[in-house]
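The values are calculated or read from the model by the stated rules, or taken from the named source; none is laboratory data. This is a predicted model, so every value here is computed, not measured. Backbone-built Cβ (ideal geometry, glycine too); neighbour counts: all protein chains shown.
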Amino acid sequence: MKHIVVNHNEFDDTKFNTHKVSIAPMVDVTDKHFRYFCRLLTKRALLYTEMITCESIIHGDEEKILGFNDIEHPVALQLAASSPEQIRKAMEKLKYWDFDEINLNAGCPSDRVSGNLMGACLMAYPELVRDMLLTIKEYTDKPVTIKHRIGIDGKNILPDTFNRILLDSYEDMVNFINIVREAKPYRYTIHARIGILEGLSPKENREIPPLRYEEVYRLKKEYPELNIEINGGIKTIEEIKGHLEKVDAVMIGRVARDNPMLLRELDSIYDQENLHKITRKEIIEDYIPYTESCEKNGENAYYAIRHMDGLFSGKRGSKQWKQILNTPASHNIKASELLRIALKELPQDTLNEE
Ligand SMILES: Cc1cc2nc3c(=O)[nH]c(=O)nc-3n(C[C@H](O)[C@H](O)[C@H](O)COP(=O)(O)O)c2cc1C
């Protein structure tokens with residue numbers, strides 16, 4: 001929602017209710033529909049937007065790119081940017097939006113992003129990252145955070161310096177952080193594998209470089225004053241709890257998309273009594289009015305329901321659920337009606353399972 005929130009004061013972290021688990025920024029996944037859906041399953045996890053470039057904020061349709069529902073709070077906006085000037089222009093617009101956090105992407109390894117001096121390649125330019133974070137801070141009193149990798153293997157892309165850059169050691173990561181921390185980011189979210197900027201697709205970059213959790217733990221141990229969130233390959237509540245013994249927070253990505261029912265258990269990490277036993281039936285029933293409001297606003301409600309794809313993951317009825325969600329629009333059945341059909345046709349035991 002858009003509200004006036006401009007405030008140039010220094011961020012006071014005592015006001016911020018620190019989260020323990022967040023749901024990662026994921027392009028084409030964590031849009032406002034997915035976040036609404038997630039919020040039905042967890043009240044406490046911090047939700048991220050997809051990565052949004054400053055250029056799109058500067059030139060695009062703000063409401064379409066940034067719009068969200070109040071129910072989504074706390075919600076963090078992830079920015080992709082390459083210069084303080086770009087950030088300044090985007091923040092002039094963003095200061096009217098009440099995101100709960102602004103995060104800078106220094107972890108995306110895609111060629112397209114790196115080729116434009118954004119994402120993971122920024123790890124080679126810590127002074128630039130520091131200056132961009134400081135610029136964001138000029139415009140907001142909300143937490144300003146960074147998401148990066150433990151290192152990169154790539155090519156220096158600034159003009160005249162086409163040499164290989166290999167920042168692969170723990171010491172390289174510490175050198176990066178020691179410069180970036182001059183901007184006092186509120187949190188460092190660290191994807192615990194390096195980004196290989198040439199020769200691997202973003203998907204391969206989430207699977208092939210090995211996970212090196214130990215280096216993130218070591219960072220927290222040696223720099224206990226830093227707020228460290230770990231990310232990468234974390235799939236179960238037990239794993240989340242294990243990481244929380246070593247670092248401050250855990251970010252989960254693909255598992256939220258592929259097996260969203262796991263999110264029901266996240267709030268119990270804060271409060272053991274708080275096991276949210278919402279059933280699939282209740283989730284679908286809660287999503288119907290939302291789908292109807294999308295239909296009323298002329299939004300693509302089919303797109304909104306397809307974000308629920310993983311709801312029956314590993315359960316009886318999963319195939320049928322996906323078939324119903326993917327009913328072609330040419331059948332002229334409204335998206336909200338498809339959800340009602342699913343409630344009637346899917347196995348009642350899976351729908352009502354606690
Ligand atoms: C489809 C998809 C899109 C992604 N988009 C972004 C993005 O916009 N910004 C970002 O920082 N990371 C992005 N990531 C990376 C995730 O945020 C996360 O770091 C990565 O998936 C590792 O976490 P996981 O193993 O829990 O999935 C994306 C991941 C996926 C699967």
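Taking every residue in the stretch 61-76 that is in contact (Cβ under 8 Å) with a residue 60 or more places away in the chain and among the polar types (S, T, N, Q) and pairing it with any residue that is surrounded by 18 or more Cβ atoms within 10 Å (Cβ to Cβ) and assigned to a helix (DSSP H, G or I), at least 6 positions away or on another chain, the pairs with Cβ-Cβ distances below 7 Å are 69/32; 69/36.
Of everything in the stretch 291-312 that is of a type in the set (Gly, Ala, Ser) and surrounded by fewer than 16 Cβ atoms within 10 Å (Cβ to Cβ), the residue that is nearest to residue 20 (Cα to Cα) is 293. Any idea how many residues of the stretch 216-242 are more than 26 Å from residue 179 (Cβ to Cβ), in contact with a helix residue (DSSP H, G or I) (Cβ under 9 Å, 6 or more places away or on another chain) and either within 13 Å of the ligand (Cβ to nearest atom) or not assigned by TED's automatic domain parsing to the domain that holds residue 182 (or both)? Number satisfying all stated conditions: 5. Taken together, 117, 133, 122 contain a single residue that is within 16 Å of the ligand (Cβ to nearest atom), in a loop (DSSP other than H, G, I, E, B) and over 19 Å from residue 29 (Cα atoms), which is 117. Hey, does the stretch 266-275 have a residue that's under 18 Å from the mean Cα position of the chain (by Cα), within 16 Å of the ligand (Cβ to nearest atom) and not assigned by TED's automatic domain parsing to the domain that holds residue 343? Yes, that holds for at least one residue.
Scanning the stretch 173-215 for residues that are part of a helix (DSSP H, G or I) and within 14 Å of the ligand (Cβ to nearest atom), we see that the one that is surrounded by the fewest Cβ atoms within 10 Å (Cβ to Cβ) is 204. Every condition in (1) exposed (fewer than 15 other Cβ atoms within 10 Å of the Cβ); (2) basic (Lys, Arg); (3) within 30 Å of residue 218 (Cβ to Cβ) holds for residue 246 except the one numbered (1). Being within 11 Å of the ligand (Cβ to nearest atom) and surrounded by fewer than 21 Cβ atoms within 10 Å (Cβ to Cβ) is the filter here; which residues of the stretch 249-261 pass it? Across the stretch 249-261, the qualifying residues are 254, 255, 257, 258. If the condition is being surrounded by 21 or more Cβ atoms within 10 Å (Cβ to Cβ), in contact (Cβ under 8 Å) with a residue 60 or more places away in the chain and within 9 Å of the chain's Cα centre (by Cα), then the stretch 20-41 contributes 22, 23, 24, 25.
Selection of the stretch 269-290 for residues being part of a helix (DSSP H, G or I), surrounded by fewer than 16 Cβ atoms within 10 Å (Cβ to Cβ) and at pLDDT below 95 yields only 270.
Scanning the stretch 216-235 for residues that are aromatic (Phe, Trp, Tyr) and either crowded, with 18+ Cβ neighbours inside 10 Å or in a helix (DSSP H, G or I) (or both) turns up just one, 217. Applying the set (1) in the same structural domain as residue 41 (by TED's automatic domain parsing); (2) of a type outside the set (Gly, Ala, Ser); (3) within 15 Å of the ligand (Cβ to nearest atom) to residue 307 leaves exactly one unmet item: (1). The residue of the stretch 42-61 that is nearest to the ligand (Cβ to nearest atom), among those that are surrounded by fewer than 18 Cβ atoms within 10 Å (Cβ to Cβ) and at pLDDT 95 or above, is 56. Which one of 293, 318, 330, 336 is in contact (Cβ under 8 Å) with a residue 12 or more places away in the chain, out of contact with any Lys or Arg (no Cβ under 6 Å at 6 or more places or on another chain) and among the polar types (S, T, N, Q)? Criteria check complete, one pass: 336.
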